[in-house]
Each structure stands twice: as C-alpha cells, then as structure tokens.
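Structure first, then comments.
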Amino acid sequence: MSIFSEIRERALIGERLAREEALFLLDPKTDLEEVRRIADSMRETFHGNQVCYNVNVHLNPTNVCRLRCPLCAFSCDAEDEKSYVLSEDEIREIADRAVSQGATEIHVVGGIHPDKPYSWYRGILELLHHVCPRLQLKAWTAIEIAHFARDSGKNHEKILRDLMQVGLSGLPGGGAEIFHPEIRAKIAPRKESAEVWLNVHQTAHKIGLPTNATMLFGHVESPEHRVQHLLTLYDAQADAILHRHSARFEAFVPLVFHPRGTRFPDIVPADEEDILRTVAVSRIVLSNIPHIKAYWVSLGVELAQRALHYGADDFDGTVQQERIHHDAGSESPVGLHAGQLKTLIDAAGRVPVERDSHYNVKER
C-alpha cells in the first residue's frame, strides 16, 4: 500500500495524522495531484457532490483597535483619518438591508475599541436581535470575548451565556492566526495567546455554542507552524467529541495573508499551488471537522472555485459589506449575490445548496 493510500484510509475514518505525515503532504516536492485526490475523496465521502453557501452580511462596527496587530490592515487608532465607529442608525440600516436581501446570518467582528465597554458590544447584538430576530448572529472572535471578560470582570462562560441571551448563535473563527508563540509574537504581539483562543472555543462548545476555526497563512510562518496549528485544532475537536459536547467546530477556514497595508508589505503572497495544497492538507488533517471553506473573499473567486476540487465543500456566503480582507488588498468583489454563488459553484461541477449558519439546508 502506498503512503498516499494509507493516509487516505486513516483520514477517512478520522484518525489523527502524525506530524511527519502532515509535513510530507505539505511539502512542495510531494505530488500535489496525489494530495488533491485524497482531499477530494474525503470531500466526496463526507458531502457527496454538494457545495454549500449562505446568504449573509458582514458587520464591522469599528476599525479602532487597541491591539494594532502588525498583520492587520483594517485596524487603526481613534485619531486616524480612516477611523470610524458605526452609529445605531447605521447598524440598524445594515440589519434592515440584510433582511431585505433574504440573509440568514449577520457576521459581526471588528476592532477592540479602547473607549467602548463590553455593554456597547453587547448592545450591538441586542439591537440586531431586536431588528431581525430570525437572523442568526455569528459574532465576536475569541479575542474579543477574552477582552470582554477581562474588561467586565466576568469569565469566558459568563460572557458567552450573557451574549446568548441577546441572540448570539455561534462564534466565527477569527483571531487564531498561527498558534505558535514565536510567530504570534511577530504578527500579533498584543493579541491573546493560542491557549486563550482555544479556551474560549472549548468553553463555547461546552455550553452548546458552535464555532468555526481559522488559520492565517502565507506570512512569516513555516510549514511546521501550519502543521502544528492544524493538529492543535484536531486535538481540540477530538476533546469536544470525547466529552460529548453538543457543539463543536463546524468549519475550518484557511485564510490567505494579504500584505498590503500591513507592517509586512514586502512579503510575497502565497502562490496558487501553495494555497491549494494548504486547503487540501487542511481537509486531510482535520478529518474530524465537518466542513472546509473556500472563502472566496480571501482566496479570490477563481481560486476558490478550484479549491472545491481540493477538499473544500463550502463557498461561504454573499459576504456583503466585508472590510477586513479588502483593506489588506483582497481583489475579490465586495459582495456577491446568491445567484452568482450558485452559478460559480455549478460552473465548478458541484451542486449548490443554501445553508444557514449551522449547516441546516435552507429551503427558499
């Protein structure tokens, strides 16, 4: 039996790959077509020929952030010319637009404003839930949750339960970046540690709140750092399964680093082969996380289509109003319509299926 066949058989039954095996798959010298076949076989086994998408709107309430991570082109100081804080009327307008567009989800992340208390962030969800009670609110990264806890004197669980009272239905996966402390110190030195990020998500799973996970790659990390990140997520999901938590990681999102506007402007972006290999290896290593996203905002539309043959089964959503990746140089469109998503998925040879935030099929 070849090493590719052995890895495929073990991954299909959810076994944890060894670090050396994952590094072998990620190595540019390893035949990418063989890696693609394993990932695509797993996608087909798990999901058939279906690729899901959802109708969603992104809401970034402020770009003022106390962390000012070197990797981030979105954040700024309050006195910067590009700084903004959305008013209640502006937030309400975005919510109304989401409803009129038939959205099922509002995705809410932003800066950690030094002058805005936890109550301000909670109030945003309360307002959204009041204006559009049927929309699912996927809101606040683990980093934001950790700051809410610290600023309010509550622990992570109390913050999460409090936000669930005003409509929170799940956490996005942002803020994970790369877990390795040395890399984290270079790209996000003031951001909470990987241990804190994991604790927030594990706490969410324990109390029944599903979450996503991400990895930002293509900057100063090495293949070893990517593999460590993926295996850490596998272990966290395995722990949720072992303890029979009702909620777990629902999806993994590989995010490509865009250097424009960051403090790493000279980094050469990851090439297409590296991106597609990373998507495929993510599918293979994360055999216990159901869905892999081809997030077209980060990958670009054409490459996201190709990723549907490298293990990805989710094209994400319409993503109206997204600012974070576009500020960093993403050249993807600022939002797509559901019809465009269906056409793109169909053109890739897959069957488009609309979902809600938690992968329930949405019938129109």
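The numbers here are math on the coordinates, done by the rules we state, and not lab data. Every value quoted in this text rests on a predicted model; they were computed, and no experiment measured them. Neighbour counts run over all protein chains shown; Cβ positions are idealised from the backbone, glycine included.
Would you work out the charge dipole size for segment 149-224 about its Cα centre, treating the Cβ of every Lys and Arg as +1 and the Cβ of every Asp and Glu as -1, and quote it to the nearest 20 debye?
It comes to approximately 280 debye.
Among the listed pairs K116/K293; K138/K362; K158/K191, give every one whose C-alpha distance is greater than 26 Å.
Exceeds cut-off: K116/K293.
Any idea which of H309, S357, L286 is furthest toward the positive side of the dipole for the chain, if Lys and Arg beta-carbons carry +1 and Asp and Glu beta-carbons -1?
Of the candidates, S357 comes out farthest on the positive side.
Give the order of R92, R36 when sorted by the count of other beta carbons within 10 angstrom, beginning with the fewest.
R92, R36
Rounding to the nearest 20 debye, state how big the charge dipole of the chain is about its Cα centre with +1 on each Lys and Arg Cβ and -1 on each Asp and Glu Cβ. Spell out each step's value before the answer.
Values: 41 positive and 52 negative charges, 162 e Å.
Using Cβ point charges on Lys, Arg, Asp and Glu, the chain gives about 780 debye.
If I build a Gaussian network model for the chain, linking alpha-carbon pairs within less than 10 angstrom, which residue out of E44, E302, E79 has the largest mean-square fluctuation?
Most flexible of the set in this elastic network: E79.
Please list the helices of the chain that count as membrane-span-like by this rule: a mean Kyte-Doolittle hydropathy of at least -1.0 together with Cα atoms stretching 27 Å or more along the helix axis, each helix being a complete DSSP H run.
Helix filter hits for the chain: 223-242.
Note down the nm distance, to one decimal, between modelled labels 7 Å out along Cα→Cβ at D27 and at F264.
It is 2.4 nm.
With the crude spin-label approximation of a point 7 Å out along Cα→Cβ, what separation in nm comes out for S2 versus E195?
A separation of 4.3 nm, rounded to one decimal place.
In whole angstrom, how far apart do the alpha carbon centroids of segment 1-54 and segment 129-143 sit?
Cα centres, segment 1-54 to segment 129-143: 34 Å.
Which residue, chosen from I345, V227, A247, occupies the Cα position most advanced towards the positive end of the dipole of the chain, where the dipole is computed from +1 (Lys, Arg) and -1 (Asp, Glu) charges on Cβ about the Cα centre?
A247
If all Cα-Cα distances of the chain are sorted into 20 Å bins from 0 onward, what percent lands in each bin, rounded to whole numbers?
31, 62, 7, 0
Can you spot the aspartates and glutamates whose alpha carbon is less than 20 Å from K154's alpha carbon? Ignore those fewer than 8 places along the same chain.
D115, E126, E144, D162, E192, E195
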